[in-house]
Structures are given as C-alpha cells and as structure tokens.
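A.B. asks: Have a look at the structure that comes next, please.
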Amino acid sequence: MRIRGKKYREWAGVHIHVRVHEEVFSDGTLLEVQTRLSRTGATQLFIGIYAPSGEAIREETYGSRPGETLARALAWGVERARQIASEPSRPAA
C-alpha cells in the first residue's frame with residue numbers, strides 16, 4: 001500500500017481521466033507516473049516514487065507541459081521517475 005504525500009493528494013483532488021504507468025524495481029521501489037488533460041486542455045503530469053514499505057520517497061507535479069501530448073508527457077515522466085529512483089541518495093517527498 002502506498003502512503004501518499006501532499007503533492008499526490010493535491011493532484012488527485014480533480015476528477016479527470018488519467019493515463020497511468022507503474023513500474024516496480026527489483027528492490028521493491030515503485031514508480032507511478034500519471035498524465036491527464038486539465039479542463040482547460042493543459043497536459044498535466046504527476047510522478048511518484050515509493051519505497052517498498054509504501055512510503056513516498058518523492059512526488060512531483062507539473063501543472064502544465066506546454067506543447068506535449070499525453071503520450072509524450074507520460075514517456076518523459078517515466079524517464080524522470082527512473083532518474084530520480086536511481087539517484088544514490090533519494091530525497092524524501
């Protein structure tokens with residue numbers, strides 16, 4: 001079970017359809033990337049990295065990804081999440 005941080009709770013407050021990518025590393029670290037279109041048409045992005053215990057290691061939100069499709073934003077977010085997860089000393093959420 002994930003223990004969501006403040007950024008996720010703020011992100012999830014809106015009821016909009018999202019696309020989600022989840023990935024689990026061999027050590028149990030979970031990556032979750034979500035992208036959506038806001039009601040005004042902006043591509044938005046959420047990145048979450050969670051410890052095997054479910055605790056949030058880091059969460060990031062992007063209110064707008066100008067010029068990006070949902071697919072492109074999702075791909076960028078997955079790469080960003082992998083980069084964060086591979087940092088030697090991962091910062092807390």
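The values are calculated or read from the model by the stated rules, or taken from the named source; none is laboratory data. Everything numeric here is computed off the predicted structure, so don't read it as measured data. Please note: Cβ atoms are built from the backbone with ideal geometry, for glycine as well, and neighbour counts cover all protein chains shown.
A.B. asks: Which of (1) at pLDDT 90 or above; (2) farther than 19 Å from ARG72 by Cβ; (3) over 11 Å from the mean Cα position of the chain (by Cα); (4) not acidic (Asp, Glu) is the odd one out, the single condition GLY5 does not satisfy?
C.D. replies: (1)
A.B. asks: Report every pair of residues separated by at least 6 positions or lying on different chains whose Cβ atoms are under 7 Å apart, first residue within the stretch 37-54 and free of Cβ contacts under 8 Å to residues at least 12 places away in the same chain and among the basic types (Lys, Arg), second exposed (fewer than 14 other Cβ atoms within 10 Å of the Cβ) and in a strand (DSSP E or B).
C.D. replies: From residues that are free of Cβ contacts under 8 Å to residues at least 12 places away in the same chain and among the basic types (Lys, Arg), there are no pairs.
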